[in-house]
Amino acid sequence: MSTTTLIRGARPLGGAPTDLLLRDGAIAAVGQGLSAEEGADVVDAAGLVALPGLVDLHTHLREPGREDAETVESGTRAAALGGYTSVFAMANTFPVADTAGVVEQVQRLGEAAGHVDVRPVGAVTVGLRGEQLAELGAMADSAARVRVFSDDGHCVSDAVLMRRALEYVKAFDGVIAQHAQEPRLTEGAQMNEGTVSAVLGLRGWPSVAEEAVIARDVLLADHVGSRLHVCHLSTAGSVEIVRWAKARGVRVTAEVTPHHLLLTDELVRGYDPVYKVNPPLRTQADVEAVREGLADGTIDVVATDHAPHPLEAKDCEWAAAAMGMTGLETALSVVQHAMVDTGLLDWAQVADRMSAAPARIGRLDGHGRPLEAGSPANLVLLDPAARWEVDPAAMATAGRNSPFRGMQLPGRVVATYLRGRATVAGSRLTGSAGA
Amino acid sequence: MRHLLSAADLDAAAAVRVLDVAEEMAATQRREIKKLPTLRGRTVVNLFFEDSTRTRTSFEAAAKRLSADVINFSAKGSSVSKGESLKDTALTLEAMGADAVVVRHGASGAPHRLAHAGWTRGAVVNAGDGTHEHPTQALLDAYTMRKHLRGGTGDLAGVRVVVVGDVLHSRVARSNVLLLHTLGAHVTLVAPPTLLPVGVQAWPCAVSHHLDAALADVAPDAVMMLRVQAERMDAAQGGFFPSAREYSRRYGLGRERLAALGERTIVMHPGPMNRGLEISADAADSARSTIVEQVGNGVAVRMAVLYLLLAGELPGGHA
């Protein structure tokens with residue numbers, strides 16, 4: 001297999017067409033009229049936008065323990081097809097990724113699959129129970145070199161524990177990614193609390209339960225001078241709080257999911273659990289606020305919160321259903337639809353929100369770098385003019401719980417390169433594993 | 001209209017049609033031979049995931065008096081994998097050839113899933129789902145009001161109704177607000193702010209926190225007291241009010257409030273009552289109480305619903 005690829009006529013960050021020469025895992029040259037040696041792969045990329053390979057700061061790969069929902073293999077195939085070259089795998093596995101052993105196992109599974117770089121997230125507390133700090137230092141020092149810690153799925157609600165976690169990870173430049181959800185305010189919560197929940201008789205998940213925790217945490221982060229990352233921010237009030245904190249100089253970053261950029265709680269009216277997610281789908285005003293926050297940089301990152309579930313977890317009544325949505329294979333299209341085609345972001349900003357910023361927050365080397373000579377050849381080619389209908393059955397993820405099913409979305413990932421090797425070509429997995 | 005899932009499924013014409021047919025059904029129930037041959041050979045399944053002897057027997061009587069075959073399926077939900085059991089139970093009933101499924105379930109929206117997830121082809125009647133709706137209760141309440149206040153014909157235009165109590169957790173309140181609005185009545189909800197859902201402002205009704213003021217201002221034709229579970233004052237249950245005594249004083253229908261009601265005002269309660277909490281024995285047993293009558297009217301209304309759904313003659317609506 002050739003180690004040299006010449007991409008002709010791609011538009012880096014949506015700019016003027018140019019050629020990119022990938023050699024030995026790096027970008028060797030960028031410019032007009034490049035040529036490659038005999039035997040190099042030559043790819044006609046006319047009309048395609050080139051972006052640095054996407055980085056997902058929030059993915060649930062489910063392995064170990066919930067292989068009925070997803071495996072590292074199936075989840076990272078989905079990631080590559082979605083244009084990702086690296087994903088951060090959340091810690092709520094069975095066993096929980098709260099020891100060096102588990103994070104190293106996840107890391108090895110990712111390497112064996114070979115579709116993207118898998119970066120394990122370590123749990124903040126033992127067993128995600130919110131009682132005692134997990135061995136954060138051991139995970140940081142392990143072969144997995146963990147820098148992002150999260151109890152995602154659960155909030156580190158104890159203020160003292162959260163303070164200690166924020167302080168402790170400073171020793172190795174870690175970051176606490178908080179799932180902001182005040183537990184008492186959300187006991188048994190089923191959907192966004194508002195006019196729709198009032199009609200449907202489903203217990204409400206009020207915005208304030210997210211905002212109150214974010215407000216507390218930015219003040220804590222300020223007090224101890226630590227890095228805080230806010231997972232899946234979903235409300236207009238949360239955007240305001242993060243905007244205020246950033247203006248004050250607090251070291252806070254935030255992410256929003258594709259589904260919170262596009263969907264609202266009106267979809268719950270049919271009680272179809274495919275729309276059940278945590279935090280819940282909010283209102284149109286919230287959608288507009290998170291879009292604005294992403295556009296002005298208040299929100300740093302789009303992260304999928306890709307959460308595959310087996311069929312039976314959604315094929316039931318609303319209250320019994322699991323929370324979560326798949327997202328890896330639709331994220332870029334949803335962002336194009338919600339942010340680019342609406343004029344809120346250009347492609348350079350998409351590259352920042354979906355690649356450079358998450359790589360920076362996660363302290364991930366080799367990803368999210370500019371498309372220039374010397375950078376690792378991690379990139380994605382997408383056809384922004386393509387349109388496609390979302391069909392969960394045709395996806396690589398084992399989860400069929402896509403809330404975008406049946407929607408016509410713009411933008412199709414044509415090719416993904418991980419250190420110069422095509423993991424996806426012609427919009428299909430190349431099937432070549434392990435570099 | 002194939003299903004009755006929400007009171008909002010009924011437009012004014014459809015709602016009046018149900019009430020009119022219920023009048024006809026009630027008339028047949030005064031005959032010596034109560035049984036009608038209308039649904040002979042059809043199968044009605046009562047699928048009850050929650051205990052409710054009152055509602056189940058009412059539906060059972062309704063179906064039997066229409067000569068339908070009735071299967072009572074008591075599937076009181078175990079705490080685990082309720083979802084699987086809902087789907088699998090539905091598939092089982094489908095295999096038995098259920099023409100109508102009357103479902104009571106603790107989860108809001110379960111009847112919606114039953115009707116629309118492709119698990120059964122039968123007509124689905126919501127007999128109470130979680131804290132969502134209980135449309136046949138609203139129909140029998142409307143029937144009762146129409147009987148007393150409008151001579152048993154037409155709609156409820158201009159009728160003033162005060163609904164008091166735990167609106168937040170009440171499927172009866174949701175269905176009543178929707179149906180009474182459709183029929184032209186004016187509804188005022190009275191509850192402590194903790195027992196009203198966020199978003200109630202968008203409902204087609206007025207809202208008050210003061211029972212005495214509401215009764216004086218509205219001069220209602222009907223006062224409907226909702227059941228309040230005393231445990232709701234516990235912190236673990238949400239701590240919605242300080243004590244049963246305080247609730248009773250502020251929102252209960254006791255002797256004094258009863259005496260202050262207008263001469264023709266009727267007192268309603270969907271049952272089961274907590275005597276001494278939301279309603280005193282004086283009020284429950286007074287001459288203006290329609291509480292026992294409501295139960296009887298339930299059979300006629302449910303006969304009408306089953307007949308219209310299975311005969312395919314229920315106009316209007318969206319389900």
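Any read-out appearing in this document is the output of simple, stated calculations on the displayed coordinates, not a laboratory observation. Keep in mind that this is a model prediction, so the values were computed, not measured. Note that each Cβ is placed from the backbone with ideal geometry, even for glycine, and that neighbours are counted across all protein chains shown.
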When chain A is modelled as a GNM with alpha-carbon springs shorter than 10 Å, which of A:31, A:362, A:130 fluctuates the most?
A:31
Kindly provide the helix-only [θ] at 222 nm of chain B, computed as the sum of -39,500 (n - 2.57) over DSSP H runs of four or more divided by all residues, to the nearest 500 deg cm²/dmol?
-12000 deg cm²/dmol
Please list, or write none, the aspartates and glutamates whose alpha carbon is within less than 16 Å of the alpha carbon of residue A:276, excluding same-chain residues fewer than 8 places away.
A:187, A:193, A:265, A:266, A:305, A:312, A:315, A:317
Please list, in chain and number order, the residues 5+ apart from residue B:11 or on another chain whose amide H is under 5 Å from its amide H, with Hs placed from the backbone.
B:317
How many Lys pairs in chain B lie less than 24 angstrom apart by Cα atoms, where the lysines are 8 or more positions apart or on different chains?
6
Picking from B:141, B:20, B:217, which is most flexible by a Gaussian network model of chain B using Cα springs under 10 Å?
B:217
Hey, if you drop one equal point scatterer on each alpha-carbon of segment A:61-361 and run the Debye formula without solvent, what base-10 log of I(q)/I(0) do you get at q = 0.13, 0.16 Å⁻¹?
-0.89, -1.44
Antiparallel DSSP beta bridges within the protein assembly as shown, percent to nearest 5
30
Could you size up the charge dipole of the protein assembly as shown around its Cα centre, putting +1 on the beta carbon of Lys and Arg and -1 on that of Asp and Glu, and report it in debye to the nearest 20?
1780
Cα gyration tensor, segment B:58-147 - rounded (a/c under 1.5), prolate or oblate
oblate
If you take each beta carbon of peptide A:129-136 and count the beta carbons of other chains within 10 angstrom, what is the mean?
0
Per-residue [θ]222 nm for chain A (sum of -39500 (n - 2.57) over DSSP H runs n ≥ 4, rounded to 500):
-7000 deg cm²/dmol
Average partner coverage of B:102-111, which counts Cβ from other chains inside 10 Å
5
Treating the angle as unsigned and between 0 and 90°, give the value, to the nearest 10°, between the Cα long axis of helix B:53-65 and the longest Cα principal axis of chain B.
40
Looking at chain A, what % of its DSSP beta bridges pair antiparallel, to the nearest 5?
50
Diffing segment A:19-30: the Karplus 3J(HN,Hα) column from phi (6.51, -1.76, 1.60, θ = phi - 60°), in whole Hz with x for Gly and Pro, holds 9, 10, 9, 9, 9, 6, x, 10, 7, 8, 7, 10
DSSP loop (so not H, G, I, E, B), at most 16 other Cβ within 10 Å: list which trypsin sites (Lys or Arg not before Pro) in segment B:1-104 pass both filters.
B:2, B:30, B:31, B:34, B:35, B:40, B:76
Scaled to the compact-protein estimate 2.2 N^0.38 Å, what is the alpha-carbon radius of gyration of the protein assembly as shown, rounded to two decimal places?
1.10
Setting aside same-chain residues fewer than 8 positions from residue A:314, which aspartates and glutamates have a Cα under 13 Å from its Cα?
A:272, B:84
Loop-only GluC sites (Glu not before Pro) in segment A:71-180, please: DSSP not H, G, I, E or B, and at most 14 other Cβ atoms within 10 Å.
A:131
For peptide B:201-211, the mean count of other chain Cβ atoms within 10 Å per residue Cβ is 1
Helix B:171-182 versus the longest principal axis of chain B: what is the Cα-based angle in degrees, 0 to 90, to the nearest 10?
90
